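Notes follow the structure.
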Amino acid sequence: MSDLWDAQAERFDDEPDHGLRDPTTRDAWRRLLRTHLPDPPARVADLGCGTGTLSALLADEGYAVDGVDFAPEMVRRARAKAGDRARFVVGDAARPPLPPGAYDVVLSRHVLWALDAPAALQRWVGLLRDGGRLLLVEGRWHTGAGLSAAQTEALLRAQGREPTTYPLTEDVYWGGPIRDERYLSVA
């Protein structure tokens, strides 16, 4: 499976919400995340980080970021993008090779739906310090894939977390109109 994502790495950032190349889109994501993150230099685990766009964005804001992705080419590109401002490791986002209880935030964007969600969430909660929070950007896509907000909320409640969910329907996040459910759950 990592071969598939390695092959996608070259064009991954072409999507407006992946590469955040448009300054307006980039700023919208920066403002969204900053609204729900503790102040820097909080420690963030970016799981399924892809090419490291969000990791680099948060590192630029002063956060200590560790990114994990199981595709070596994605991690190579993330390291090139962020330089020494963030740390990246090749690993499975469902079983992140990170120290337990070390993070203020676990961030994941469009990853949970593709995993054994209950098991992954249990591990992710274990990465958090007392008072830490999960920020999960997920969706239920027009193709039928993904997780609805209600499904994600139920999964979080099963882990003893009380989520607040924010619909992300504005074009600015995605580079244009969307036809599916996209949201941020904070727990």
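The values are calculated or read from the model by the stated rules, or taken from the named source; none is laboratory data. Treat the numbers as computed from the prediction; the structure is a model and nothing was measured. Quick reminder, even Gly has a Cβ in these numbers, built from the backbone with ideal geometry, and neighbours come from all protein chains shown.
Give all pairs with beta carbons closer than 6 Å in which a residue from the range 59-85 that is free of Cβ contacts under 8 Å to residues at least 60 places away in the same chain meets a residue that is basic (Lys, Arg); count only pairs at least 6 apart in sequence or on separate chains.
Listed by first residue and then by second, the contacts come to 59/85; 64/43; 66/87.
So, of the residues in the range 61-81 that are of a type outside the set (Asp, Glu) and part of a strand (DSSP E or B), which turns out to be farthest from the chain's Cα centre (by Cα)?
64
Identify all residues within the range 8-54 that are touching a residue at least 60 places away in the same chain (Cβ under 8 Å), aliphatic (A, V, I, L, M) and either part of a helix (DSSP H, G or I) or out of contact with any Pro (no Cβ under 9 Å at 6 or more places or on another chain) (or both); write none if there are none.
9, 28, 32, 33, 37, 42, 44
Considering only residues that are farther than 23 Å from residue 92 by Cα and out of contact with any Gly (no Cβ under 9 Å at 6 or more places or on another chain), which ones fall in the range 1-25?
Answer for the range 1-25, where residues must be farther than 23 Å from residue 92 by Cα and out of contact with any Gly (no Cβ under 9 Å at 6 or more places or on another chain): 14, 20, 21, 23, 24.
Quick check on residue 107: is it of a type outside the set (Val, Ile, Thr), closer than 16 Å to residue 54 by Cα and modelled with pLDDT of 95 or more?
Yes; evaluated as a whole, the condition is true for this residue.
Check off (1) surrounded by fewer than 19 Cβ atoms within 10 Å (Cβ to Cβ); (2) of a type outside the set (Lys, Arg); (3) touching a strand residue (DSSP E or B) at 6+ places or on another chain (Cβ under 9 Å) for residue 127 and give me the number that stays unchecked.
All conditions pass for residue 127, except number (1).
For the range 82-102, give me each residue that is part of a strand (DSSP E or B) and either under 12 Å from residue 44 (Cβ atoms) or touching a Lys or Arg at 6+ places or on another chain (Cβ under 8 Å) (or both).
Of everything in the range 82-102, those that are part of a strand (DSSP E or B) and either under 12 Å from residue 44 (Cβ atoms) or touching a Lys or Arg at 6+ places or on another chain (Cβ under 8 Å) (or both) turn out to be 87, 88.
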